[in-house]
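Notes follow once the structure below has been shown.
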Amino acid sequence: SKATVSVLYWTVFPPLKKNPPSSNKKMSSLTFSYLTLYARGFPPIMCFETHGVECKENPLTMETWPAMKKTGISPFGQLPLLECEHGVITQSQSIMRYVARKVPAAGGKDEKEGIVSDMLLGLSEDLWGSLSQAQPSLFAPKKDPEGVKVLWEETLPGKLSYLEAFFPKGQQNTFTSSGKTIGELGLWSLLHILVLLKPTSLDKTPKTKAFYTRILNLPSTQKVITGKTSFGDLPSFFVKAE
């Protein structure tokens, strides 16, 4: 029943508690650490910049990360990580949900928008998983050519077609009233990675392409992708197949 589905959903995904943000959205003292790549740290960076969240940026390289890792600061030995008033948060989506608890617009105006945002955040994780499995990367430059072909001819077009049909009736380029929830920003980050790999990847999904273009043109987005944050120019973690 619908009631049972609702109970099951909120058991797995409890609603976010939203605390009123301060006027400058400064959340105690935040430090965000990540490798300077278009990868797992990219969506949180988009959240910080889009919602004006002040934090100290700590760019890392493959040469500087091992020393930090040895300190044990990261609970799972992974990046990205955010140092906040509660300690250390790791995992990209956990960091983004922290932002949503602090900035109401990031989590959606109501429960319905919060659900939509969570669904889009989940889809972004699916897209990342599909890319990780088949697409060559800086650390795994050789992948099965047949797998790459299936990725771009079947897997990604299939996921994008479902996304195209998910837009609310009457909406062409947004899923929520603000158009800037953590789910939308997380999704946009993965779409940007797709476009970097294949500029025509969104051409057959006009609503999705309009959504991508809208967020692309935000001043906060331009600041990130033109290298004007402390992370500088971000090379792509994934690379084009040879």
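Report whether or not residue 201 is of a type in the set (Ser, Thr, Tyr), open to solvent by 30 Å² or more (accessible area, probe 1.4 Å) and free of Cβ contacts under 8 Å to residues at least 60 places away in the same chain. I'd like the intermediate steps shown before the answer.
On the way: of a type in the set (Ser, Thr, Tyr): yes; open to solvent by 30 Å² or more (accessible area, probe 1.4 Å): no; free of Cβ contacts under 8 Å to residues at least 60 places away in the same chain: yes.
No: the conditions fail for residue 201.
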Sort out which residues of region 81-111 are in contact with a strand residue (DSSP E or B) (Cβ under 8 Å, 6 or more places away or on another chain), part of a helix (DSSP H, G or I) and closer than 19 Å to residue 36 by Cα, and write them in order of number. 95
Give me a count of the residues in region 9-48 that are under 21 Å from residue 84 (Cα atoms), among the hydrophobic types (A, V, I, L, M, F, W, C) and modelled with pLDDT under 60. 2
Considering only residues that are more than 18 Å from residue 180 (Cβ to Cβ) and within 17 Å of the chain's Cα centre (by Cα), which ones fall in region 210-242? 231, 234, 235, 236, 237, 238
Count, please, the residues in region 216-232 that happen to be on the phi < 0 side of the Ramachandran plot and without any contact (Cβ under 8 Å) to a residue 60 or more places away in the chain. 7
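So that you can scan it fast, the table gives a plain yes or no per residue for (1) in contact with a helix residue (DSSP H, G or I) (Cβ under 8 Å, 6 or more places away or on another chain); (2) at pLDDT below 95; (3) under 30 Å from residue 62 (Cβ atoms):
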| site | (1), (2), (3) |
| --- | --- |
| 164 | yes, no, no |
| 172 | yes, yes, no |
| 179 | yes, no, no |
| 191 | yes, no, yes |
| 194 | yes, no, yes |
| 210 | no, no, no |
Of the residues in region 44-99, those that are aromatic (Phe, Trp, Tyr) and open to solvent by 50 Å² or more (accessible area, probe 1.4 Å) number 1
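The values are calculated or read from the model by the stated rules, or taken from the named source; none is laboratory data. What you see is a predicted model, and the numbers here were worked out from it, not measured in a lab. Cβ coordinates were reconstructed from backbone atoms using ideal geometry, including for glycine residues, and neighbour counts include every protein chain displayed. When the accessible area is computed, the model is the full protein with side chains, heavy atoms only, and any ligands, DNA or RNA have been set aside. Shrake-Rupley method; radii C 1.70, N 1.55, O 1.52, S 1.80 Å.
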